[in-house]
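Shown next, in structure tokens, is the structure this report addresses.
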Amino acid sequence: MLTQAAETFRSLAPNGVDWSSIAPEIALGVWALYVLLREAFRKPGSRGAATFTTIFLLLFSLLCVRNAFAIPAGASASFFGGMIEQSRTTELLRAFFLFSGFLTTLLGGTLLKKQGVPQAEFDVLILLATAGLMLLAQVRDFILLFVALETMSISMYVLVAYIRHSASSLEAGIKYLTQSGLSSALLLAGIALLFGAAGNTALPGACADPFSFRELRVFIFLNQGNAFVLGGAALVLCGLFFKIAAVPFQIWVGDVYQGAPTPVTAYLGVASKAAGFVLLVNVVTGPLLPLRGVLLPLLSAVAILTILFGNLAALGQQNVKRLMGLSGIAHAGYLLMGVCAAMALNVDWPIVAVYFYLFTYLLASYAIFGVMSVLSGEDDSAQTLNDYAGLMKRDSFLGGILAVSLGSLAGIPPMAGFVAKLFLFIAAFTAHLYWLAAVGLFGVVVSIYYYFNWMRVAVFVPCKTEDEVEAGTLKAAPIASGFWLRTVLTTLALITVCLGFWQGFLAL
Amino acid sequence: MTRTLLTILLSPLCAAALIALFGRRRGRLSAAISVASAGLQAALTLFLLVGGGWDGSTFRDTATWLTLGELQIDLGFYFNQMSALLLGVVTIVGFLIHVFAVGYSDDDKARGRFFGGLSIFMFSMTGIVLSENLFMLFIFWELVGFSSYMLIGHYLTDVASAAAKKAFIVNRVGDFGFLLGIIWCFWQFGTVSLAELPQALSASPVAACTLTFIGLLLFCGVMGKSAQMPLHVWLPDAMAGPTPVSALIHAATMVAAGVYLLGRVAFIFNPQALSVILAVGLATAFLSALFAFGQTDIKKILAYSTLSQLGFMVVAFALAGGSEGAATSQFHLTTHAFFKALLFLGAGSVIHACHHEQDIYKMGGLWKKMPVTFVTFLLATLAIAGVPYLSGFFSKDAILLLAKHANPAAFWLLVVTSFLTATYMGRIIFVAFLGKARSHAVEAAHESRPDMLFALVILAIGAVLAGYTGLYPHALASYLEANIAEPTHAEHASMLLISAILSLGGLLAAFFIYYRPGKNTDTFEKAAPGVYGVLREKLWFDNLYDWYVRAVQQRVANLVAILELVVIQGVLVRGSGGVAGLIGLAARRAHTGSLNTYFYWFAAGVLAFWLTTSGIL
């Protein structure tokens, strides 16, 4: 059926525009419409399409992985006049976003039921946001970049405020809307400046298509000192740094992460951040690479500040969602280190290291957010470390998942997070970014403190109700979580451990 | 082939994982899983060796594990005749000991932990045998060290935990040298692959001095694991573990890993290194045989006997070096695995029957009550003593012959040691098995369960036949990859005579000295209390180490501890923790919750970016 649809689109296409190249994104949109329609005409009491959506996302993600390895390494193809470029990497990134979409809907199934809010619209928004993210992985053109980014952002505004009866969710929604809107405006202003400069025929190398990454790169190379180019580059970076939550555009993280429903927080923290990094990598090693001399010190400084701020702010944090958010800022700092190395060396392997890190971050983060969704009580935003006291005794399965994932985030061998961090540090050292690596190491040490503190609470601190349990007056509430959720969490933890031992497939 | 080897390697690991998950409280289940995995290993090994699963050619298969710039670490198998032989020994003896352990541990409360440990050990030991390179070998080397530690300390008594710690720490000393050797080897030759090292060695000429050092550093690992002087002190203490463990790990297989390593890297040792190794081996063989006379615990006597035999193997290697030395030492390793495992299991059978009594002067007259145990134990004793036409005769014969040609001094020392071996083994037979019962526990002893006897009988067949003329040297020759010095007819006759005199003479001497039915004092101790005291104290090796630890190491450690407390914990940790906490407080205070503040951050950020890119800042 898909191929048939692709055929139809191809026949519609004017002058060689190949719609089948974005068939997965179109399929996601169609599925989203189907879910909406089905929900509208559903008889009360009958089952919705939620389960199918989850399975659909998972299968689709696996399909993309298979497709990726059918593409020969190093090969790439352009579509839509160079707006989109596809290669094995972009195909794997598509799989990455589909997989995080799958995990988000799965966690949503657990949490939304408890909060008493419907799931169908949630799934629709996740599907649309995921489609936007998948496009972002492949864009090589500023206008499509902006459109895809807004597709994702607009869905996210609604998702953050999804629990309508919760004040903190609504507050987070408003804060995210205004700040993200501002960042989009800055990004757009930057694009406009670049467009204006590159379209000016008085300047050397003026572009026929001033949005295209490839043409802009040549233009910027010829006009490195132009004030419009420099200002435009600065504003574009401002917009992207907001998405990855790097200092000084990180300030929204705490409130928004805390207020958003836990699965959305995970999606923001992993998928949206990953998309930011994909864009950043493509922009700074693409059109903006000629400005390396100016941008490398800037990015290094931002990376240092981000690592320091994230780790230090997370240090005394009690609210676990804020803790994840603030420590996520620090992870963005480590990743920036890899981006800086890729820029400085102008080679590809630090980028592979960055993407590998993002994948290990996805595994560990979603496992932790999964545990959080299971444990979350009436108020989704108020979970603190104290709620984890005695978790190991109450439910050793959840405790084990938490321990493995926190270990991976802290970078403890033999977890995958250790190897991923190691690659980034090797990249920084190879690029002679010694100060950056030193700050990174300091940050990792600090992060062990708060991650292990969380583990300590879960393992050693007795549960508040434990005395009463022993006295026989109260039974410890059994922690309910579905079979499939447990299976998926186990798989995530297992992959985390396996990747810690074997990552020979990486072409580093 | 790769798949078969992987199954052999991983099945005990799976067993250990299953036991850890489900078997911790279910003793019978975990015993079944563990025995099944050992059985599978033995069956697959037999399939490879005699069932036609392997054509006899050297097999090598590797997969890249880690690449960091120049450094590439592979995981893989390097399977040749020598590894085939040891794999056979490890899996078959290992399987029999597993079977025996089921009966032995029937009164053990932590059976799951015990069998889990055995399975982890089988995994690690198989890994050593199959490893393709020194890095991988080192990983498994440490894993056997860990499983040995776990199993020695199995009974959780003070003595057992002290012994476990001792074994671990002493091995660490040796392993440190071993690791340095591996690193140096990599640095010098650019590879640690066992298959590629010989070419690398012949391709790039290395200074003799460097080669000697690399060889001796690698030998450090052997000294730890195979308990050569002066790192031998852990092995007698390791007898605190359950007896099947002593049989499997501290007699038949793990301690032989060192000798196996020598064979694997035989090409690296030059004459200078070999002469040092020879001296170490001779000292170990001779002194340990003497120390055996000062012990009354049946397992400790056997432990010193193991030390002495390991010394024999190391000497055998050092006398000839290269593939000939390797072959001779591997030959003795193989026969020794059978008769020493049998001796330990026999001792285990006795100990089990006598309610964990281990002093031979409290036993006596056991031959009537435990006939099967007695007969098998006797066969093993005759084999280790070197009585002609039993397995030990052939392998020891090969060593003595080698020594006769190469080094007369070593030859005579080995002759004396062989005589001593027969004597101290005769002592066990005459004191513990013959004569009259010396305690009530022994009077009430009865024969062990049939499944335990099954293991004893099979091993006894091995102890008799493992080196038999029909097999030796022709059948084993292909496995040993080099001809063992084959005696000429005249030499054969003279060696036969020497061996007969040594073994039977030693046993006779034991009879005259020690056969005193009913008495429970040591004849030798009475006759020469001074010398006996020296032997009982094992030349004060342990006391010397204790003194060093107490007087030197402990004081340095105390000093460092004070520095740590004041400088690191006080100033650095608390201080930096405090500073970080303060900054963190400030960073958290930045989150005011008010949108207005947040927009100022934005404005500041945009300004900073603009200024930086415009080059103003």
Taking N as the number of residues in chain B, the ratio of its alpha carbon radius of gyration to 2.2 N^0.38 Å works out to 1.11
Which residues qualify? For A:D141, with a placed amide H closer than 5 Å and at least 5 residues away or on another chain, they are A:F213
Diffing the range B:84-95: the Karplus 3J(HN,Hα) column from phi (6.51, -1.76, 1.60, θ = phi - 60°), in whole Hz with x for Gly and Pro, holds 4, 4, 5, 4, x, 4, 4, 6, 6, 4, x, 4
Computed for the range A:21-506: size of charge dipole around the Cα centre, +1 on C-beta of each Lys and Arg, -1 on C-beta of each Asp and Glu, debye to nearest 20, value 380
Fewest to most Cβ atoms within 10 Å: B:T423, B:T62 sort as B:T62, B:T423
Low-density loop trypsin sites (Lys or Arg not before Pro), the range A:38-125, at most 12 other Cβ within 10 Å, DSSP non-H/G/I/E/B, are A:R47
Given chymotrypsin sites (Phe, Trp or Tyr not before Pro), DSSP loops and at most 11 other Cβ atoms within 10 Å, the longest exposed-site-free stretch of chain A is A:42-459
Counting only DSSP loop positions in the range B:21-107, the trypsin sites (Lys or Arg not before Pro) whose Cβ has at most 12 other Cβ atoms within 10 Å are B:R25
In whole angstrom, largest first, the equivalent ellipsoid semi-axes that the Cα gyration tensor gives for the range A:21-506 are 37, 26, 20
Among B:K225/B:K396; A:K114/A:K321; B:K165/B:K368; B:K165/B:K299; A:K175/A:K393; A:K43/A:K175, the pairs whose Cα-Cα distance exceeds 28 Å are B:K165/B:K368; A:K175/A:K393; A:K43/A:K175
Counting other chain Cβ atoms within 10 Å of each Cβ in A:222-234 and taking the mean gives 2
Summing -39500 (n - 2.57) over every DSSP H run of at least 4 residues in the protein assembly as shown and dividing by its residue count gives a helix-only mean residue ellipticity at 222 nm, to the nearest 500 deg cm²/dmol, of -23500 deg cm²/dmol
At q = 0.06, 0.07, 0.08, 0.09 1/Å the base-10 log of I(q)/I(0) from the Debye formula over the alpha-carbon atoms of the protein assembly as shown is -0.61, -0.78, -0.93, -1.06
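Each reported figure results from applying straightforward, stated rules to the coordinates on display, with no laboratory input. Just so it is clear, the structure is predicted and the values come from calculations on it, not from any experiment. So basically every Cβ, Gly included, is an ideal-geometry build from the backbone, and we count neighbours across all protein chains shown.
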